[in-house]
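Novice: This structure is in structure tokens; I'll ask about it shortly.
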Amino acid sequence: MKGHYNIFAIGLLVIVACQNDDAFLSDEQSSLEFYTSAEIDTRTSLQDGNKVMWNEGDAVAVYDYITTKTKFIAVVEEGIARFKGNITPKYAEFVAVYPYDLAADNNVNKSILVTLPSEQTAVKNGFGPNLNLSIGKGSRNTDGSPSQVRFRNICQLFKLSVPAYAANRIAKIELTANSAIAGQLTVDYSDYSPVVTTNEQGAKTIALLPPSESTAFTEGTYYMVLAPETVEGFTLTLTDTNGKTYSQHSSASVGGNWGVICNLGNVDLIEKPVITPQHVYENGTLVGTKVTLTAPVSDKAWSAVIKNTNGETVRTLAESTGTLTTDHTDANWPYLPKGNYTVEYTYTTANGKQMNATSAFTINENPQFSVTLDANSTYSYYLAGDVDKANRMDKNTVTGIVCQAHGILPSILANDKYGFALNNNFNGTIASTGDNVANYNDISITQLGETELTASVTFDGISKTGNKKIYITGLPFRFEPPTTKTWTSDGGVKDGEGQNGSTRLGWWQWEGNQSLTYDKVNIPANTKLALDYKFIPHGGTVNTTFTISVGNQTIASGQGKYYDYVTHEGRKDFSNSQLVTYVKCNNSYGAEQSGTDLYLVALSYRH
């Protein structure tokens, strides 16, 4: 929008008292005649773009000391406008306002109230009739000689030009400001320079309609009459003859003084581009974001640049006609994250003028993806049928931990512009990363039973979580002397005191029953198990019985008779019938040289 100003003319009005001086002192009404010089520009219509002229029949309101308005009508003869009317001549000073119909009937404290319509009918190369509010102040000379009154235009004009291509297509032109620009105005004319105040409750939009008996604007220049306020940014909205609207916004500070013309230039049927962002998925995988922009003028060339809130250019669209579509395979910004964006575009108007403009859009669409987490304990390998691997592993180790994001192109996830983050609840460290995959180092979990592992992937502010339930059974485990430090024992259990360094349970009569209990297993029911064992019970003065049980199920047993040392060893397969939480080795009685030498207890999975 253009913003330079042209001063339009301020006219002089010549006032002639037609009565004698004595009548001037009377409260009776007396006639008063005003007339203008043909050389002096005046009030009511434009000529040559900035000369304001009086027209036949123009009416002004004259206020005398009673503050009640009186109508004076213009008669134009040979370029001279004469006004005739009656006023009360007691006081010399008076105020005249044009047009009569927009002036208030009564005024108080030398403030003149006038109303500027918010709906105005256009006149080609001018402004609507009875719109250009003007005010003059004068006094009657006591000797009856003519007085001169200088009228001042108390509004400003905004000039608009309709180009040829838009002729007969525009049915209404609206200008909307951020503050009131029409409605009731208060004019303080205590001095000879009027001060105009706009009522805050006034209209913020002025609608300019086509000239009378027309349905659309023809090519040419038209004027809106506005209150003399500075317009801090405005929107110009055009409605075509089909009811479609076109809006242009300007952030410029325009106008602000009475008696000026502000040239806004041509009005164009320019559409604000419709901007449509959309994430693109191929076979369920996010591969980028495309943005479609409709042209401001469909058959004219234009180009655009899209920037994010940091001012970074995320897409550049080469000049073309019609709709522009961004490429979702852009090397630097294939995906556009959620947030606000600005489109800076250059276009050619229908009349060939190059224009620059901006528009804004927001991406609210969340990326669609999912996350899985995999991990294995000895029990999960057992359930998968890989018993050999389960039995080769450490009982507390969790291995094969893999977090994978599904539904996002690997190159997008790896792009640090998008805020990718990976977190877990098991304090795992990443050993390597691949296509959407994070491989974690092995971790150790000592807590028996079920533990849920989680890992979350955050992409573009959206978090998705994968989880895996891991069961720690405590298997496989293997006990071989000389130590029982992981077992719970009662008196009479001695590491390394049996034959060949075995652990001996019982031996002397005062030791009684002796046992070892291992409570670091938590085995689900119906797990297929194998027990490897080796022990030698020793009978002394009395026999002794040794048993190995898993939970309340006895798996292996043997009896030692008087000085009969028999080795019991082998493997026993079984399936427990209930949740197992302990393994117990028990020597039934200890008397003199009566006990058991324990060499091996090993519990593992079996096929």
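Novice: Under the 0.36 nm per residue contour assumption, what length would be gained going from the current alpha-carbon distance of Asn425 and Trp508 to full extension? Intermediate results must be reported in sequence, preceding the final value.
Specialist: Details: separation 83, 0.36 × 83 = 29.88 nm, distance 5.22 nm.
Between Asn425 and Trp508, full extension yields 24.7 nm more.
Novice: Per DSSP H run of n ≥ 4, the term is -39500 (n - 2.57); total these for the chain, divide by its residue number, and report the mean residue ellipticity at 222 nm rounded to 500 deg cm²/dmol.
Specialist: Helix-only estimate at 222 nm: -500 deg cm²/dmol.
Novice: On to the next question. Taking K and R as +1 and D and E as -1, what net charge do the other residues with C-beta under 12 Å from the C-beta of Thr241 add up to? Write out the running numbers ahead of the final one.
Specialist: Details: positive: Arg169, Lys172, Lys244; negative: Asp240.
Surrounding charge for Thr241 is +2.
Novice: Nearest 5 percent is fine: what portion of the DSSP beta bridges confined to the chain is antiparallel? Could the numbers behind the result be given before it?
Specialist: Values: 195 of 204 bridges.
If I count the DSSP bridges inside the chain, around 95 percent turn out antiparallel.
Novice: Still on this model: To the nearest 20 debye, what charge dipole does the stretch 275-363 have about its Cα centre, counting +1 at the Cβ of each Lys and Arg and -1 at the Cβ of each Asp and Glu?
Specialist: Its charge dipole is roughly 200 debye.
Novice: Scan the stretch 440-542 for trypsin sites (Lys or Arg not before Pro) in coil per DSSP, keeping those whose Cβ has at most 10 other Cβ atoms within 10 Å, and list them by number. Intermediate values should be presented prior to the final figure.
Specialist: Details: sites: Lys464, Lys468, Lys469, Arg478, Lys485, Lys494, Arg504, Lys520, Lys528, Lys534; in loops: Lys485, Lys520.
Loop-located and lightly packed - Lys485.
Novice: A further question on this structure: Within the stretch 518-535, find all residues whose amide N lies under 20 Å from a label point positioned 7 Å from the Cα of Thr483 along Cα-to-beta-carbon.
Specialist: 518-521
Novice: For Lys172, give me every one of the lysines with a C-alpha distance below 17 angstrom, ignoring sequence neighbours fewer than eight places off in its own chain.
Specialist: The qualifying lysines are Lys124, Lys159, Lys204, Lys244.
Novice: Another question about this same structure. Just add up the charged neighbours of Asn425: K/R +1, D/E -1, any other residue whose Cβ is under 13 Å from the Cβ of Asn425.
Specialist: Result for the local shell: +1.
Novice: Restricting to DSSP loop positions (anything but H, G, I, E, B) with no more than 13 other Cβ atoms inside 10 Å of their own Cβ, which trypsin sites (Lys or Arg not before Pro) remain in the stretch 164-256?
Specialist: Those satisfying the criteria are Lys244.
Novice: Right, another one. Candidates [x] 1.39; [y] 1.99; [z] 1.09; which is the computed Cα Rg over 2.2 N^0.38 Å?
Specialist: Evaluating Cα Rg over 2.2 N^0.38 Å on these atoms matches [y].
Novice: Identify all lysines with a Cα-Cα distance to Lys520 below 30 Å; exclude those on the same chain that are fewer than 8 residues away in sequence.
Specialist: Output for Lys520: Lys389, Lys395, Lys468, Lys469, Lys485, Lys494, Lys528, Lys534, Lys572, Lys584.
Novice: Around Asn396, under 12 Å between beta carbons, what's the net of Lys plus Arg minus Asp minus Glu among the other residues?
Specialist: 0
Novice: Can I ask one more? In the stretch 189-280, which GluC sites (Glu not before Pro) fall in coil by DSSP and have 13 or fewer other Cβ atoms within 10 Å?
Specialist: Working: sites: Glu200, Glu213, Glu219, Glu229, Glu232, Glu271; in loops: Glu200, Glu213, Glu219, Glu229, Glu271.
Here the sparse-neighbourhood loop sites are Glu200, Glu213, Glu219.
Novice: On a straight-distance basis, which lysines could pair with Lys137 in a cross-link, Cα separation under 26 angstrom, same-chain partners fewer than 8 positions away excluded?
Specialist: Lys137 reaches Lys51, Lys69, Lys71, Lys84, Lys90, Lys110.
Novice: Further question on the same structure: What list do you get for Val149, Val566, Val398 if you sort them by fewest beta carbons within 10 Å? List each step's numbers first, then the result.
Specialist: Values: Val149 19, Val566 13, Val398 24.
Listed from fewest to most nearby Cβ atoms, that is Val566, Val149, Val398.
FYI, it's all coordinate maths here, none of it is from the lab. None of the values given here were measured: they were computed from a predicted structure. Methodologically, a virtual Cβ is constructed for each residue, glycine included, from the backbone with ideal geometry; neighbour enumeration extends over all protein chains shown.
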